[in-house]
1. Take the residues in the stretch 24-57 that are in contact with a helix residue (DSSP H, G or I) (Cβ under 6 Å, 6 or more places away or on another chain) and under 21 Å from L116 (Cα atoms); name whichever of them is surrounded by the fewest Cβ atoms within 10 Å (Cβ to Cβ).
2. Of (1) farther than 22 Å from F110 by Cα; (2) modelled with pLDDT under 90; (3) in contact with a helix residue (DSSP H, G or I) (Cβ under 8 Å, 6 or more places away or on another chain), G61 satisfies all except one. Which?
3. Tell me the residue from V144, V155, V90 that is modelled with pLDDT under 65, among the hydrophobic types (A, V, I, L, M, F, W, C), within 18 Å of the chain's Cα centre (by Cα) and surrounded by fewer than 13 Cβ atoms within 10 Å (Cβ to Cβ), please.
Amino acid sequence: MSNTKKAATLGMPHGTAASRLRKNILFHLLVKLSENVCFKCSKVIDEVDDLSIEHKLPWEGRSAELFWDLDNIAFSHLRCNRQHTNGSIVFRKNGPDGTSWCFRCRSFKFVDEFPLDSSRWSGRNSECKDCKSTRNSFRDRRKVSPDSSNEKAQVS
């Protein structure tokens, strides 16, 4: 079956569906073994959408072995999981349900105001569509066409 047919059948790309299935299986096993307890707050993780895999010790810039070390893996709520950066901790902004934080506006906006970004923990870009559009149009205005740069060179 082609990826297009799989996506049409599943209602999402096959890779996304496979990742969600793996997460559902993992969560089911954690609940079955009573291991669905947050590493950070020690409260029960009740829903699969709240589940996050966390490295106890940050591995970036240190060691690939820490990334793969199963003794360095824990489970936490998404809201409790935090990003480690060079030894310092950057807290994620968690707002009301259905919202996401725009780092440019410095405010919470509805999630549908953010472009999709599967590489981020929230699945959304870090800046809203308005900010991204403004930034891109500003960048485009700064670009100089090849013809105008030659004219400037000839005038000098």
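1. Residues of the stretch 24-57 in contact with a helix residue (DSSP H, G or I) (Cβ under 6 Å, 6 or more places away or on another chain): 24, 27, 36, 48, 51, 55-57.
Filter again for under 21 Å from L116 (Cα atoms), leaving 48, 51.
On the way: V48: 16, L51: 21.
It comes out as V48.
2. Failing condition for G61: (3).
3. Values: V144 fails: within 18 Å of the chain's Cα centre (by Cα); V155 fails: within 18 Å of the chain's Cα centre (by Cα).
It is V90.
The values are calculated or read from the model by the stated rules, or taken from the named source; none is laboratory data. The model shown is predicted, which means the values in this text are computed figures rather than measured ones. In this analysis, Cβ positions are derived from the backbone assuming ideal geometry, glycine residues included, and neighbour counts consider all displayed protein chains.
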